[in-house]
Amino acid sequence: MKQDEAIRPPWTHDWKNPSKVHPSERIVNLSRAIYYDRETVDLVGDILGSSKNVHDYADDWVVYNAICKHWDLDIDTVSVGFGSSDVMDRCFRTLDVDHWYVVTPHYQLAPVLIEMNNRRFTYISIDQAFEITDKNSGLYLANPGSVSGECIDISELHKQYKNLIADEVYADFYPNHTLIHSVPENTVVLRSLSKTLGIAGFRCGFAVASKKITDQLQSVRSLIIVTKPAELTVPVLLPRVNAVIDNLNSVKKTLEEKFPCKPSKTLYMLFKEPNEYTERFGARQAGGFYRIALADWKTLNDTTN
């Protein structure tokens, strides 16, 4: 399997003739960066199916309120965006840093956004990140990392740089080293409801930072930053998400005991070799492992998928 190679999308929608959709195109595709929880998928379908105004513009205050309530955050420190990549772009646009260090393995879009905003960057390892002291530069790293599956203590790392961007989009699966409740003045913590709630297509992410940095991020935000599906579902899904993640982490633990794996602190399994699940649900090669997203046991054991 080639790097970043994955099977074709799971569904080809023919909404006028649903019976004509080939069974193979209904397969749950776990090679993507989103978990699959059947109860969540069904609940989202019920919410959107019963809404009379799903076509309307969204009220972003509803999403702000749900986020602040769930994580116990001050709204003056929160910036919601059209996905976490939108907020990340605003970070590279507004933070007064011309040179960034990017810890590898990394989110592939990060260096792209850095260059798009006419900044420079250098790839470094996590060990180098702790050795460098450069108060004129910034540091970007994903913690936990989707490729490494690792999560470390970076609570003091911000002291070595002008700004730190801690990409914590997987932190709800392993919150031990999150900075979300103790964000340093020069740091931005990124989160993604796509990853936390399993609703990637609804495009909802946010950042937590000091009021000063938050004001900068908000100064360049788009007019519309929340979709109507996100407004309708986020307040319903967030109160139940901890139970969903606990269940998925339980699935992960069982699979890691059954198959040769690298332990992962994210929403992925990192299998060392192909198996029945990678063959049936798709896989992406990452860091020398066969990476698939988590799913509930009912889905994994459904032979019709």
Filtered residue count, segment 159-182, keeping only those that are open to solvent by 40 Å² or more (accessible area, probe 1.4 Å), of a type outside the set (S, T, N, Q) and not in a strand (DSSP E or B)
5
If Val112 satisfies every condition in (1) out of contact with any helix residue (DSSP H, G or I) (no Cβ under 8 Å at 6 or more places or on another chain); (2) open to solvent by less than 50 Å² (accessible area, probe 1.4 Å); (3) farther than 19 Å from Ile213 by Cα; (4) hydrophobic (A, V, I, L, M, F, W, C) but one, which is the exception?
(2)
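Quick grid of which residues meet (1) of a type in the set (Ser, Thr, Tyr); (2) over 15 Å from Arg32 (Cα atoms); (3) surrounded by fewer than 22 Cβ atoms within 10 Å (Cβ to Cβ):
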site: Leu197; (1), (2), (3): no, no, no
site: Ala200; (1), (2), (3): no, no, yes
site: Ser210; (1), (2), (3): yes, yes, yes
site: Asp215; (1), (2), (3): no, yes, yes
site: Gln218; (1), (2), (3): no, yes, yes
site: Arg221; (1), (2), (3): no, yes, yes
site: Ile224; (1), (2), (3): no, yes, yes
site: Glu231; (1), (2), (3): no, yes, no
Tyr36 at pLDDT 95 or above and hydroxyl-bearing (Ser, Thr, Tyr):
yes
Which of (1) at pLDDT below 95; (2) surrounded by 14 or more Cβ atoms within 10 Å (Cβ to Cβ) is the odd one out, the single condition Pro18 does not satisfy?
(2)
Would you be able to tell me the number of residues in segment 97-109 that are more than 24 Å from Ser264 (Cα to Cα) and surrounded by fewer than 17 Cβ atoms within 10 Å (Cβ to Cβ)?
2
For segment 279-295, give me the residue count where each residue is open to solvent by 10 Å² or more (accessible area, probe 1.4 Å), more than 13 Å from Ala33 (Cβ to Cβ) and either assigned to a loop (DSSP other than H, G, I, E, B) or in contact with a strand residue (DSSP E or B) (Cβ under 6 Å, 6 or more places away or on another chain) (or both).
4
For segment 117-140: of the residues being assigned to a helix (DSSP H, G or I) and within 16 Å of Ala166 (Cβ to Cβ), which is least open to solvent (accessible area, probe 1.4 Å)?
Ala129
If you go through segment 203-221 one residue at a time, do you hit one that is closer than 24 Å to Ile47 by Cα, outside any helix (DSSP H, G or I), under 12 Å from the mean Cα position of the chain (by Cα) and of a type in the set (A, V, I, L, M, F, W, C)?
yes
Being of a type in the set (A, V, I, L, M) and in a strand (DSSP E or B), is that true of even one residue in segment 252-263?
no
Taking segment 28-55 as the region of interest, how many residues are of a type outside the set (Phe, Trp, Tyr), surrounded by 11 or more Cβ atoms within 10 Å (Cβ to Cβ) and part of a loop (DSSP other than H, G, I, E, B)?
10
Output yes when any residue across segment 248-262 is aromatic (Phe, Trp, Tyr) and open to solvent by 50 Å² or more (accessible area, probe 1.4 Å), and no when none is.
no
On the basis of being within 19 Å of Val87 (Cα to Cα), of a type in the set (A, V, I, L, M) and within 16 Å of the chain's Cα centre (by Cα), does Ala230 make the cut?
yes
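The values are calculated or read from the model by the stated rules, or taken from the named source; none is laboratory data. A quick note: this is a predicted structure, and the numbers were derived from the prediction, not measured. Here the Cβ is made from the backbone with ideal geometry for all residues, glycine too, and neighbour counts use every protein chain on show. Note: areas computed on protein heavy atoms with side chains; ligands, DNA, RNA excluded. Shrake-Rupley method; radii C 1.70, N 1.55, O 1.52, S 1.80 Å.
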